[in-house]
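Asks: Supplied in structure tokens, the structure appears directly below.
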Ligand SMILES: Nc1ncnc2c1ncn2[C@@H]1O[C@H](COP(=O)(O)OP(=O)(O)OP(=O)(O)O)[C@@H](O)[C@H]1O
Ligand SMILES: [Mg+2]
């Protein structure tokens with residue numbers, strides 16, 4: 001499925017009337033089977049944009065469209081949350097089954113599908129554990145398994161690997177790429193790590209500081225499937241440099257503001 | 001510096017020892033002292049019956065009728081009150097209309113000492129079992145409703161959003177997010193309610209009953225049967241301990257994710 005975000009703005013208003021403009025006039029598309037990374041400094045509205053696409057927030061202006069047919073039995077979107085958002089009262093198995101329950105799958109089918117994803121995300125043997133008994137990296141894998149379980153047409157991932165150590169992150173990136181090669185799910189992937197964005201994505205959408213607006217969309221000229229060897233390839237370095245030059249001044253200003 | 005010092009343990013002041021022997025001895029000591037005081041006739045049995053006498057009467061089973069009667073009232077009243085309280089608390093916590101109706105009503109009626117309603121309840125449902133069960137139900141209902149409501153309102157908004165993002169509807173949300181979120185508060189309410197229920201049971205049985213432990217205690221006092229009176233008190237404290245213990249066990253079963 002294709003996602004079209006058209007001139008979307010979002011302003012949060014609290015009860016006392018104070019308002020925060022998170023996004024201003026953002027337009028972007030994610031084509032079917034495309035992997036798009038969304039990159040921007042902290043607080044620029046990346047999570048907000050994902051929540052808008054997931055239908056968890058309503059835009060203040062503009063609209064979001066899904067184009068293409070949704071095969072029956074497939075969820076339109078599924079989200080991997082920045083803060084994991086696992087249900088503490090559910091075991092790993094039951095957390096992964098949550099979306100399938102809501103989709104009305106019978107128990108046996110649910111259990112089988114959840115087992116597949118637990119296997120896939122390397123959580124085998126931890127089915128009966130509760131989230132508080134897992135490390136941060138494993139919790140995030142449960143979040144990923146829960147999202148993949150519903151076979152979403154669009155997968156929304158909010159800094160899924162930011163809580164992981166560098167080595168685990170590298171391995172998880174490889175795994176995500178493998179899963180994506182197999183399923184070709186449309187992915188919108190939020191990160192503030194330039195290397196990660198370039199390594200994973202077909203295109204990188206760079207957002208400005210708050211209120212977030214699109215600075216540029218940088219295409220990544222790397223072949224698929226990706227391999228670690230590409231991390232030093234000229235196309236990789238070119239894309240990374242381009243993105244860094246785009247956000248350098250933004251990051252400096254953010255730093256200066258924070259210091260002032 | 002060439003000296004070699006082992007890292008000091010600075011936690012001495014925080015240490016709290018369990019003193020298991022003292023614990024057992026303290027309780028036994030009091031009972032033994034009590035027995036001695038009564039055996040020697042230092043305190044007349046009319047004022048303080050001996051522990052052995054109390055145990056004897058407990059074992060004889062002649063008071064079982066009263067225990068059974070009280071237990072039935074307690075279980076019915078507590079069960080009804082808990083069920084109603086949790087349901088109302090969930091509804092008021094989740095539906096804005098129920099909240100608009102429920103919160104002012106609960107705020108207005110909650111401060112009434114429930115025992116003051118007993119005469120009214122007797123007038124409405126008669127002096128039989130119903131009035132006693134009703135007063136306990138009322139006493140349990142309020143802490144349960146208020147605790148459940150608070151638990152639901154404090155449910156993590158992130159988890160609610162996560163559930164919604166996976167397609168959860170209202171009733172799924174209530175059952176799969178709100179209810180488990182509120183469970184710790186619900187159990188706190190149950191423990192609170194168990195104490196209230198016992199208090200109301202005794203009060204109601206003292207005011208208007210011809211059976212039950214509360215009746216037993218008051219009646220025994222009228223007849224100067226101090227041993228019987230003491231047995232009633234022991235039975236009541238026993239009920240309190242057992243109900244608390246049961247609730248703690250139940251809580252562990254119901255909330256396995258809280259280690
Ligand atoms: N519910 C809310 N109410 C008011 N303001 C909010 C709310 N949620 C987010 N904001 C504000 O909107 C802005 C964007 O927040 P958002 O979480 O989308 O940023 P982000 O790009 O995901 O940041 P990070 O990289 O740190 O996760 C921030 O300034 C934040 O303070
Ligand atoms: Mg964020």
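Asks: Which one of A:59, A:72 is within 21 Å of residue A:153 (Cβ to Cβ), away from ligand 1 (no atom under 12 Å from the Cβ), out of contact with any helix residue (DSSP H, G or I) (no Cβ under 9 Å at 6 or more places or on another chain) and free of Cβ contacts under 8 Å to residues at least 60 places away in the same chain? Full working, then the answer.
Replies: Values: A:59 fails: out of contact with any helix residue (DSSP H, G or I) (no Cβ under 9 Å at 6 or more places or on another chain).
When all the criteria are applied, what remains is A:72.
Asks: A further question follows. Considering each of A:67, A:159 in turn, give the residue that is touching a strand residue (DSSP E or B) at 6+ places or on another chain (Cβ under 6 Å), modelled with pLDDT under 95, within 16 Å of ligand 1 (Cβ to nearest atom) and in the same structural domain as residue A:210 (by TED's automatic domain parsing). Explain how you work it out, then say what you get.
Replies: On the way: A:67 fails: within 16 Å of ligand 1 (Cβ to nearest atom).
Of A:67, A:159, the one residue that is touching a strand residue (DSSP E or B) at 6+ places or on another chain (Cβ under 6 Å), modelled with pLDDT under 95, within 16 Å of ligand 1 (Cβ to nearest atom) and in the same structural domain as residue A:210 (by TED's automatic domain parsing) is A:159.
Asks: I would also like to ask the following. I'd like the full set of residues that are at the interface with chain B (Cβ under 9 Å from one of its Cβ atoms) and either assigned to a helix (DSSP H, G or I) or more than 29 Å from residue A:52 (Cβ to Cβ) (or both), limited to the stretch A:66-94.
Replies: A:91
Asks: Listed residues A:203, A:169, A:210; which is assigned by TED's automatic domain parsing to the domain that holds residue A:11, modelled with pLDDT under 90 and under 23 Å from residue A:5 (Cα atoms)?
Replies: Working: A:203 fails: modelled with pLDDT under 90; A:169 fails: under 23 Å from residue A:5 (Cα atoms).
When all the criteria are applied, what remains is A:210.
Asks: When you look at residue B:167, is it away from chain A (no Cβ under 14 Å) and touching a helix residue (DSSP H, G or I) at 6+ places or on another chain (Cβ under 8 Å), yes or no? Let's see the steps before the verdict.
Replies: Values: away from chain A (no Cβ under 14 Å): no; touching a helix residue (DSSP H, G or I) at 6+ places or on another chain (Cβ under 8 Å): yes.
No, not satisfied.
Asks: Test of understanding: among A:127, A:101, A:97, which residue is surrounded by fewer than 19 Cβ atoms within 10 Å (Cβ to Cβ) and either in a helix (DSSP H, G or I) or within 12 Å of another protein chain (Cβ to nearest Cβ) (or both)? Walk me through it before giving the result.
Replies: On the way: A:127 fails: either in a helix (DSSP H, G or I) or within 12 Å of another protein chain (Cβ to nearest Cβ) (or both); A:97 fails: surrounded by fewer than 19 Cβ atoms within 10 Å (Cβ to Cβ).
Going through A:127, A:101, A:97 in turn, just one is surrounded by fewer than 19 Cβ atoms within 10 Å (Cβ to Cβ) and either in a helix (DSSP H, G or I) or within 12 Å of another protein chain (Cβ to nearest Cβ) (or both): A:101.
Asks: Give B:182, B:197, B:155, B:204 a once-over and let me know the one that is within 13 Å of chain A (Cβ to nearest Cβ) and under 22 Å from the mean Cα position of the chain (by Cα). Lay out the reasoning, then the answer.
Replies: Numbers: B:197 fails: within 13 Å of chain A (Cβ to nearest Cβ); B:155 fails: under 22 Å from the mean Cα position of the chain (by Cα); B:204 fails: within 13 Å of chain A (Cβ to nearest Cβ).
Residue meeting the stated conditions: B:182.
Asks: Also, I was wondering about something else. I need the full set of residues from the stretch A:148-170 which are crowded, with 23+ Cβ neighbours inside 10 Å and more than 16 Å from ligand 2 (Cβ to nearest atom), in order please.
Replies: We begin by selecting, within the stretch A:148-170, every residue crowded, with 23+ Cβ neighbours inside 10 Å; these are A:148-150, A:152, A:154-158, A:160-161.
A:148, A:149, A:150, A:152, A:154, A:155, listed by residue number.
Asks: Helices (runs of 4 or more DSSP H) wholly in the stretch B:103-183 with at least 2 residues that are crowded, with 18+ Cβ neighbours inside 10 Å - which ones? Step through it out loud before you land on a result.
Replies: On the way: elements: B:118-125, B:129-153, B:157-165, B:170-173.
Those helices (runs of 4 or more DSSP H) span B:118-125, B:129-153, B:157-165.
Asks: Quick check: is even one residue across the stretch A:4-27 within 15 Å of the chain's Cα centre (by Cα) and either modelled with pLDDT of 95 or more or more than 10 Å from ligand 1 (Cβ to nearest atom) (or both)? Steps first, please.
Replies: Within the stretch A:4-27, the subset within 15 Å of the chain's Cα centre (by Cα) is none.
No, because not a single residue in the stretch A:4-27 is within 15 Å of the chain's Cα centre (by Cα) and either modelled with pLDDT of 95 or more or more than 10 Å from ligand 1 (Cβ to nearest atom) (or both).
Asks: Right, here's the next one. State all residues of the stretch A:171-199 that are more than 14 Å from every other protein chain (Cβ to nearest Cβ), within 16 Å of ligand 2 (Cβ to nearest atom) and under 24 Å from residue A:75 (Cβ atoms); if no residue qualifies, say none. Lay out the reasoning, then the answer.
Replies: Within the stretch A:171-199, the subset more than 14 Å from every other protein chain (Cβ to nearest Cβ) is A:171-187, A:189-199.
If we keep only those that are within 16 Å of ligand 2 (Cβ to nearest atom) as well, we get A:189-193, A:196-197.
Result: A:189, A:190, A:191.
The values are calculated or read from the model by the stated rules, or taken from the named source; none is laboratory data. Computed from a predicted structure; not experimentally measured. For neighbour counting, all protein chains shown are included, and Cβ atoms are generated from backbone atoms with ideal geometry for every residue, glycine included.
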